[in-house]
Amino acid sequence: MNYLLNGPLILLARLILGGVFIFASLDKISNPDAFATAIGNYHVMPFGLENLLALILPWLELLSGIFIIAGIMVDGAAIMIIMMNMVFIIAISQALARGISIECGCFSVSSPGEGDNIGLITVIRDIGYLTLAFLVFYRQKYQFEFFPK
């Protein structure tokens, strides 16, 4: 059981997280202006800072995704993914609480009207990614011994 939870399960979690974050970054890197608009729609950033975030965040997503798949600085990549998902969950939740109906800006920003609108499913999906990232981060620290000897 310990091997399964520390071997194939962690590898699968790394591949899922890496694939999701690489895929999410590609359209944002290609269309920073559209991504800045998507960030601005959340109404949480001071005017102008969304442009800076639109330039930096996709590259952090890309590098975190590549590193976590390649096994390079896995703990650092997992921490970055944890922090990004926590911010995503907070941003989406506050927009939902305020009744703002907007597109997520999570994966596709180049085609307005074709992206997913935020909702409870978006929050649950991000909590799932957050859980996978915690699983990867804590893989060696606790060794997941559900049946200690």
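Each reported figure results from applying straightforward, stated rules to the coordinates on display, with no laboratory input. Computed from a predicted model, the values in this text were never measured in an experiment. Backbone-built Cβ (ideal geometry, glycine too); neighbour counts: all protein chains shown.
Of the options [x] 1.12; [y] 1.54; [z] 1.06, only one is Cα Rg over 2.2 N^0.38 Å as computed from these coordinates, and that is [x].
Taken as entire DSSP H runs, the helices of the chain that both span 30 Å or more between Cα atoms along their own long axis and average -0.5 or more on the Kyte-Doolittle scale are 8-30, 49-70, 74-97.
Between ILE16 and TRP59, the modelled labels are 3.0 nm apart [label points 7 Å from Cα along Cα→Cβ].
Just report the Cα centroid separation between region 54-79 and region 21-44, whole Å. Here the answer is 16 Å between Cα centres. Between LEU96 and ILE121, the modelled label-to-label distance comes to 1.2 nm, taking each label 7 Å out from Cα in the direction of the beta carbon. Charge dipole of the chain (Cα centre as origin; +1 on each Lys and Arg Cβ, -1 on each Asp and Glu Cβ, all else neutral): 540 debye, rounded to the nearest 20. The slack in the chain from LEU26 to MET45, taken as 0.36 nm per residue of separation less the alpha-carbon distance, amounts to 4.6 nm.
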